[in-house]
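Asks: Below is one structure. I have some questions about it.
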Amino acid sequence: MLPLRTPRLVLRPLLESDFACHQQLFSNPEVVRYLYEPVLEGAELRAHFEKRLWQGLREEGHWANLAVEHEGRFVGEVGLGLADEVNAKAEIGYVFLPQYTGRGFATEAAERVVELCFDYWRVRRVIACLDARNDGSSRVCERLGFRLEAHFVENEIVKGELTSEKIYAVLDREWQERRSRRSLDS
């Protein structure tokens, strides 16, 4: 099943050798600005990395990240988690080094992970939960055909700041319809 490939990217399990790249992501205030995690360092960063090493989707609430490579270079990570096993719901997320944003990598990588969720794990829906201020992430969801299902205004405190949250989602049948339309257009 892994690695996953797209026209430009390779998505593979995180390796111990990726720790320095993971550190570049999660110790950068610009990268973690809209994430739940604060800037991470030391033992917290190490624990964060180890929790995201690929072990498959073992159980509800488990989250795993895949390294995203472009031309052999680490450019970011895409993650997935089994959000609700009974209701067959997965959640995706993505984070990229600033120098690689704006190139469509997040959309391309997330699309492949959504396909994995539907085709391999047979979930019924995939969601993305994000800080409402994160316009770039909203655009990724919209390009993927996700629909905005909720906009919770001032619903949580993140990093000491009252924030709003957006929930995007796509159903398996909607994804398959989109896939069929794209095949016909090709």
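Readers should treat all values here as calculations from the given coordinates under stated rules, not as data from a laboratory. These figures come from a predicted structure and were not determined experimentally. Glycine also receives a Cβ, built like all others from the backbone with ideal geometry; neighbour counts cover every protein chain displayed.
Asks: Simple spin-label model, 7 Å along Cα-to-Cβ: Arg133 to Asn28 in nm?
Replies: So the two model labels end up 1.9 nm from each other.
Asks: Using the charge dipole of the range 78-186 (Lys, Arg: +1 at Cβ; Asp, Glu: -1 at Cβ; taken about the Cα centre), state which of Ile127, Ser183, Leu82 has its Cα farthest towards the positive end.
Replies: It is Ser183.
Asks: What residue among Val68, Val153, Val113 shows peak mean-square fluctuation when the chain is described by a Gaussian network model with Cα springs under 10 Å?
Replies: Val153
Asks: So what is the relative contact order of the chain, in percent, for Cα pairs below 8 Å that sit 6 or more residues apart?
Replies: Relative contact order of the chain: 16 percent.
Asks: Ranked by Cβ crowding within 10 angstrom, fewest neighbours first, how are Ser27, Ser180 ordered?
Replies: Ser180, Ser27
Asks: If you don't mind, another one. Each residue of the range 71-82 in turn: what ³J(HN,Hα) in whole Hz from Karplus with 6.51, -1.76, 1.60 and θ = phi - 60°, glycine and Pro shown as x?
Replies: Going residue by residue, I get 6, x, 9, 5, 10, x, 9, 10, x, 8, x, 7 Hz, with x marking Gly and Pro.
Asks: Find the centroid of the Cα atoms in the range 75-96 and in the range 1-52, then give the distance between the two in whole Å.
Replies: 14
Asks: Same structure again: Starting at the first residue of the range 10-23, write each ³J(HN,Hα) from the Karplus equation 6.51 cos²θ - 1.76 cosθ + 1.60 with θ = phi - 60°, in whole Hz, x for Gly and Pro.
Replies: Result, rounded to whole Hz: 10, 10, 9, x, 5, 10, 3, 5, 8, 4, 4, 5, 4, 5.
Asks: Another question about this same structure. Work out from phi, with θ = phi - 60° and the Karplus expression 6.51 cos²θ - 1.76 cosθ + 1.60, the ³J(HN,Hα) of each residue of the range 136-148, listed in order in whole Hz, and give x for Gly and Pro.
Replies: x, 5, 4, 5, 4, 4, 5, 5, 7, x, 6, 10, 6
Asks: In addition: Could you compute the FRET efficiency for Glu115 and Ala43, with r as their C-beta to C-beta distance and R0 at 35 Å, rounded to 0.05?
Replies: That pair, Glu115 with Ala43, gives E of 0.50.
Asks: Which of these, Cys21, Cys117, Cys141, has the largest mean-square fluctuation under a Gaussian network model of the chain (Cα springs below 10 Å)?
Replies: Of Cys21, Cys117, Cys141, the most mobile in the Gaussian network model is Cys21.
Asks: Can you list the lysines whose alpha carbon sits under 18 Å from that of Lys89, skipping same-chain ones fewer than 8 residues off?
Replies: Qualifying lysines at Cα under 18 Å: Lys166.
Asks: From the square roots a ≥ b ≥ c of the eigenvalues of the alpha-carbon gyration tensor of the chain, which class results: rounded (a/c under 1.5), prolate (a/b over b/c), or oblate?
Replies: Rounded shape, in that the Cα axes give a/c under 1.5.
Asks: Once you charge only the Cβ atoms, +1 for Lys and Arg and -1 for Asp and Glu, what is the size of the charge dipole of the range 4-185 about its Cα centre, to the nearest 20 debye?
Replies: That gives a dipole near 660 debye.
Asks: Need the full-extension length gain, Ser17 to Arg122, defined as separation in residues times 0.36 nm minus the C-alpha distance. One decimal, nm.
Replies: 34.7 nm
Asks: So for the pair Arg182, Glu50, with labels modelled 7 Å out along Cα→Cβ, what separation do we get in nm?
Replies: About 3.8 nm separates the two model spin labels.
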